[in-house]
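Here's the structure, in structure tokens; my notes come after.
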DNA sequence: ATATTGCGGAGCGCAGCGCTCCGTTACACT
DNA sequence: AGTGTAACGGAGCGCTGCGCTCCGCAATAT
């Protein structure tokens, strides 16, 4: 990892590329041009395409990382002693790095077996987090784990127009409002049936 | 309006065009191809471009209508006797027809004088609605009218992927959660400063 | 000095856009 | 019925902007 010379630069480039790709894709959407990632990373197209043979491959890598982070965030939430604080930590962390913005990518690209594995792991951990909050009576009973995933997705949705720091602050305010709405008991009964896992995963293509 | 023959068809086409444009642009984003609107309306490109000389003109018309509807919704909210119910009616109505999805268009197109006029009117009416709710003590005191506009915008944001009825239902559930979070008193203090009008309108280009 | 490796970015081929143009159709008028 | 006309649908033009390749160059290793 700490090799000298060009190998070190290569490793640095790889990281900058990943960071830039995350930033650009989550704020501009998946159809952002690859050249925008290269420019944001301060790297030439050649270097980008040596590491990732196609745009799809880059997106897959990005998704995988986002899933890892989401799973880790759920674990961190579980580690928290207080069930409510743990849940909030999980949600805030995921919205912070916009994991939800990458989830719907999956409809565009091929979902690898490893992605499915990680998705299932993250899903299961989040489920435990939500169940614990339910049992402690701190989370309104009519909201499901899937509702929360979709809430995070909604709050991660890229805004049109140029990237804007102010948007991030606004999102945090609104997320705080939404989190207050999640506390038990809900003032209003949630309308309609909760979303189904089949529908949720169906957007990603066929399960293995 | 109820003229016979071709003129009737023309009027019908105009309506279908507007409806289709609204549907497509709000669910797919502004860069949806014009041909998609024509197809969704069941109308040829020629007919579309006879009524609107450019895509921008169509978008302007659409924005104007959305603003009219938003202003009307705010009026309806004010007409409601209960301050909370009035506010909720306003928010739900606007999210229903996704007025917020059209607001950020304005950064893309030229904002006409009439659009500014209507925007100000809607803004002012919504302000009255929010103030009334504040004074009645039914709306948490740390949330501003602008926060609410941005909340509606967040919930109107187009989802990636193909249009999907299920998304609408999910949105309604999540909106219900958010509305519960708006009720006084907020469990958590909202972080940061409230968004400023200058920033909000600044995204539309220069004020007249 | 020479070989080798990774670098940046100009440019290729193409997909998909906004918009125009025109042959056809459906009605109004005599 | 015959004719003029207004509105129609949609193929296609010109062009932008994309994913991706290729190559001259700079930095290291030998």
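Just a few scattered comments:
- Of the residues making up region A:147-173, those that are at the interface with chain B (Cβ under 9 Å from one of its Cβ atoms) and within 17 Å of residue B:172 (Cβ to Cβ) number 7.
- Among the residues making up region A:183-208, those that are in contact with a strand residue (DSSP E or B) (Cβ under 9 Å, 6 or more places away or on another chain) and either more than 7 Å from chain B (Cβ to nearest Cβ) or touching a residue at least 60 places away in the same chain (Cβ under 8 Å) (or both) are A:183, A:184.
- Test: residue A:92 is within 20 Å of residue A:156 (Cα to Cα), under 14 Å from the mean Cα position of the chain (by Cα), surrounded by fewer than 20 Cβ atoms within 10 Å (Cβ to Cβ) and within 16 Å of DNA strand D (Cβ to nearest atom): no
Okay, residues lined up against (1) more than 10 Å from DNA strand D (Cβ to nearest atom); (2) crowded, with 16+ Cβ neighbours inside 10 Å:
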| residue | (1), (2) |
| --- | --- |
| B:19 | yes, no |
| B:32 | yes, yes |
| B:36 | yes, no |
| B:49 | no, no |
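- The conditions of being within 16 Å of residue A:188 (Cβ to Cβ) and facing another protein chain (nearest Cβ under 7 Å) are met by residue B:180.
- Residue match in region A:131-145 (condition: under 17 Å from the mean Cα position of the chain (by Cα), over 26 Å from residue A:55 (Cα atoms) and surrounded by 15 or more Cβ atoms within 10 Å (Cβ to Cβ)): yes
- Restricting the search to helices (runs of 4 or more DSSP H) fully inside region A:5-87 and requiring at least 2 residues that are in contact (Cβ under 8 Å) with a residue 60 or more places away in the chain and under 19 Å from the mean Cα position of the chain (by Cα) gives A:5-28.
FYI, it's all coordinate maths here, none of it is from the lab. All figures in this text were calculated on a predicted structure; none of them were measured in a lab. Don't worry about glycine lacking a Cβ; one is built from the backbone with ideal geometry, like all the others, and counts go over all protein chains shown.
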